[in-house]
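The values are calculated or read from the model by the stated rules, or taken from the named source; none is laboratory data. Since the structure is predicted, the reported quantities are computational estimates derived from the model, not experimental observations. Reconstructed Cβ throughout: ideal geometry from the backbone, glycine too, with neighbour counts over all protein chains shown.
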Amino acid sequence: MARAPSVLTETAPIPGFAAAAGPSTCRTSRRISGVLIAIFIAAGGFSRGSEDLWRQVHFLVAAMAIPYLALGHGALLMRSLRLCWPMLLFVVLGLCVTVAEGALFERDTLKGLWYATRIPVYVSFGILLTVRMVSPGWITDVLLLAGAILAFHFLYMYYTDPNVADADRLYIRSQIGHGALASAFAIVLAFHKLFIEKKVGVLSGLLVVGAIIVMATSIILSDSRSHLYEPAILLLFIFGVIPSAWFGRTMALLFLIALAILTTPALQFFVAPGDLDRLSSALPDSLNELIAMERADDGEINTYWRGYETFNAFSLVTQQGYDSILFGLGLHGAVTIPNTPLDLGDPVTGAIPLFHNGFAFAYVRAGLLGIALFIWQHLVFASESKPLLRSRDPGTRFFGRLYCGLMMLMIIKIATTTGFLNYGEEGSTSCILLGLLIGFAWNICGGLTASPLVPAKSSKLPVSIG
């Protein structure tokens, strides 16, 4: 008697998806590939401080791997690029301004091109990986391993640093590290490994629990507020505290608009200067530093640098006239700000090429049109979670909730670390994971017309999470 295909492993592929992950695939080869991918994801977090060279090499490896992964899957590559059309149009717009300014071959243009193309490159890289590895269990294993590698790397750097005993938070973050987003994802994915997939033996279960302890320790020692709330936001979606049904393009748009107003000088159109000062003094430092406004002295500038930086970035562009307001300064655009910390400014020019606030980056590079395209890209991504959320399989719905949590987390991070645009481990890890989940969702869509969704036998939950 023929067995119905499982939605997790045997759905008919869409055009561009080959049956490369079928039974004929060598299990050992797949495991080796998984280990290599985990090491590559973790490698995005091996650099410290302002070490751009390692990050650039990591980006180039991903970019050069795309043609190889796309062999025989040209349709999938084109679909991946169409998915990222807002950011690709952003790049074209920025390049047009740069060419008009005669700055095409400047060093800052190359850096701007690197920053702006990270989303299309890493997301496409993640999607193409699912051609060969479409199992969600594979995604879990890879992220668990990558998170554990980064956690061990941080702990090694921490305990071998001779100055760590007297180090403050700034020293730890700049010289040792500040935790890893991959570790935060891995802690959450361990829930899937232990309670949804439920294929963990005693030894592997102990290894997973040990990895969780190591990753949690690295996050705590790094004293990073963001890496403490990251698992919390993801878990709120996974356990249904924040219903994933609420999250879609409309909710994402409203949240993005509110964030753009609250964390940029646009807030001054809604709040009088005196009221803004009173609001700033009433907020805790963690929120006050996001308010984009002028600061009175060096102490305030240092404490509330993110908002001060954003204020100056928007002010510089606005002062250039209506053309710059609409189209920005081009991909080569950078902002020189007084009192810029040495680890933030460019070592050659002293100007800041990348900002903590993603809206500031978009405004400097491509103006108001750039901000609109940046927001639109998030809306395109937000609409890709439906196949995962609508599945009858609990394991698949888990990844749908994870997708929504990832999107909300990276939208929040636009105001603090530029979100998906982040040029460190946060940006590469989040975009690759997003690509993996989108590829998984597309593969499910390919099976919808061929057969009904059949829950996998190994995906029963002890309690319902949706």
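A few remarks follow.
- Checklist (1) touching a Phe, Trp or Tyr at 6+ places or on another chain (Cβ under 8 Å); (2) not assigned by TED's automatic domain parsing to the domain that holds residue 258 applied to residue 366, failing item: (2)
- Yes/no for residue 88 being of a type outside the set (Gly, Ala, Ser) and either within 28 Å of residue 436 (Cα to Cα) or not assigned by TED's automatic domain parsing to the domain that holds residue 57 (or both): yes
- Scope segment 258-300; condition hydroxyl-bearing (Ser, Thr, Tyr) and in contact with a helix residue (DSSP H, G or I) (Cβ under 7 Å, 6 or more places away or on another chain); matching residues: 263, 264, 280, 286
- Entirely in segment 64-154, the helices (runs of 4 or more DSSP H) that have 2 or more residues that are touching a Gly at 6+ places or on another chain (Cβ under 6 Å) and touching a residue at least 60 places away in the same chain (Cβ under 8 Å): 74-83, 85-100, 118-129
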